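Please treat every number below as a calculation from the coordinates, not as lab data. Because the structure is predicted, anything quoted here is derived from the model rather than measured. Cβ coordinates were reconstructed from backbone atoms using ideal geometry, including for glycine residues, and neighbour counts include every protein chain displayed.
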Amino acid sequence: MSELVKIKINAQEYEVEEGKRLIPVLEKLGIKIPHICFHHALTPAVSCKLCVVEVREDDKPPRIRYACALKVKKGMDIVTESAMIYKLRTEAIGNLLKMAPQAEIIHRVAQEFSLATGIMPDGCIRCRLCIRVCKNIIGAKALKMEKRKDISYVVPSETGECIGCATCVSICPTGAIQCIDKEDIRTIKIRDEIIGRHSLERCEICGRRFATTKFLKRVEEIEGEKHPDKKEHHVLCPTCAKLYARKDLRPLAPHLAKTYAGKPID
């Protein structure tokens, strides 16, 4: 076991193991400071730069040090909170967010230690799946990437036209894009920005509102009367369309539609 030495932390004296790195020492004492890149099994890389502290040794002026790399020595006088420390930690948070603007751990640490980030998380990981599926599969081109204050965001495209199919909502791996059906209106949005707002068509058999007018029009243009959502100029949801296509079940369609709503029809 290493020799015990006396040090001061925030004006209080402690006996600690000499040569131990400061973060494990602080953790053992129950003193919290922010850090993300430190791991007990690895040599510190001083990457996140959040663990700054002020250290005074031998009556010299205080110096800014990184707690992950600093090894404690006898007589150290350490301060973990000050105006300068807060300024440097806030700058470090800002630099980390430039690289990973939606990383939850950065925002969590910022919130815990009251560090200003300047931006709010929106859940988007910038995978561009929504943009690609809207452009390459749906053909609407309703989404694009746009830089705002050096950060890229998925935003509605001025030249595109959302048809309310909600494919972007389904393909988004993080749930950043929302589809809200309220009464007879469907709203698709990311953050507080509206991608599209559409009226919903009602199924003529079960009465359920199931698709936007623009989506059904696009289906008709692309596939004509072959698509299951369009049968004999009726506006039918997928379940009712399949029931209606079977003449033996057609008279019972309204009742069966409620029974099989949302279930596959053989």
**Study point:** Over the stretch 122-200, relative contact order from alpha-carbon pairs under 8 Å, at least 6 apart, %
**Key:** 26
Practice item. Over 15 Å, how big is the tail of the calculated P(r) for the stretch 93-143, in percent of all Cα pairs? Key: 53
**Study point:** Spin-label model distance (nm) - GLU146 vs GLU161, 7 Å beyond Cα toward Cβ
**Key:** 2.0
**Study point:** Cα→Cβ-extended label distance, 7 Å offset, between SER199 and LYS6, nm
**Key:** 8.3
Exercise for review: Could you give the spread of the C-alpha atoms of the stretch 4-112 along their three principal axes, from largest to smallest, in whole angstroms?
Suggested key: 42, 31, 21
Review point. Relative to a virtual label point 7 Å from the Cα of ARG191 in the Cα→beta-carbon direction, which members of the stretch 82-112 show backbone nitrogen distances below 15 Å?
Key: 98, 101-103
Revision key, fill the gap. Taking a crude spin-label model, label points 7 Å out from Cα along the C-beta direction, the ILE125 to GLU221 distance in nm is 3.3
Study note, to complete from the structure: Between GLU15 and GLN178, the FRET efficiency computed from the C-beta separation at R0 = 51 Å comes out, to the nearest 0.05, as 0.40
Review point. How far, in nm, would the chain grow between GLN111 and ALA45 when pulled straight, counting 0.36 nm per residue and subtracting the alpha carbon separation?
Key: 21.4 nm
